[in-house]
Amino acid sequence: MVYRQIRIYALEQAPYDSEENWAETILARIIRPLAARPEVKWFWFGRYWSEEADFADSNGDHFPADEIQRLKYRSIRFRVGLEDGAEGGFEIAASQLIGDEGCWIADWLNYDPGEFRNNNRWIGGDRSDQRRDERLPLAMDYVHSVAKLTLHALVPADNAGRFRVEDNDDDQNPHKSAFFSFHHLFSNMTDVYLTVKLIQDSQGLTCGTHQCPWRVPSPPQVKLARDEHRVRF
């Protein structure tokens, strides 16, 4: 199997002009049909939002000139495992689809899923080669399963081609998403804490986490207090 990755950028135009569901729209219109191709054997993705120019997978030289002064850089990083020898045809078809759907792509790059084996972020305790080898397929199955669940939950948001996650009316999902329950199951089985960070400044109270910290006000305001709490989800 050969592994490749691409960054797909949402341009400031419909149907990606909604702050609420630009990512879900890319996932439904681009990632879902690509993931359904027979040469695709594994995939996962992540979403990114930055107020600074973010070209982690490219030098950005060929980013559209009329978009370079934008206020937000929104993108999906797509990692995919393909049948050996299928990458050429897949990348041509994917690049065509991404362009037809009104998005911009960075450069196609090799991807090494061995990060789940070799990076200490994903394993603790006994970090022997044998245990790293055991962890790798488990981690790959995990991110693949979450990605497939996400795609399966997408439904049309309006008549303009936007998409969103399906509504769920069960009373155990107070935010109308079945992923609230999936999140709870993960936290219940692993007993992992969610660390909530609070900061009080002259503009009010802001919340964040280690992975998604609060945004620093611009210009910076006087920070009056910081606090951190560990909660179970």
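Just a few scattered comments:
- Residue that is in contact with a Gly (Cβ under 9 Å, 6 or more places away or on another chain), at negative phi and modelled with pLDDT of 95 or more, where the choices are GLU87, GLU24, GLU39: GLU39
- Any hit, the stretch 65-72, residues being surrounded by fewer than 16 Cβ atoms within 10 Å (Cβ to Cβ) and either β-branched (Val, Ile, Thr) or at pLDDT 95 or above (or both): yes
- Single match in ASP158, ASP171, ASP191, ASP167 (criterion: farther than 29 Å from ALA28 by Cα and modelled with pLDDT of 80 or more): ASP191
The values are calculated or read from the model by the stated rules, or taken from the named source; none is laboratory data. As the structure is a prediction and not an experimental result, all values here were calculated from the model. No Cβ is skipped: glycine too gets one built from the backbone with ideal geometry, and neighbour counts run over all protein chains shown.
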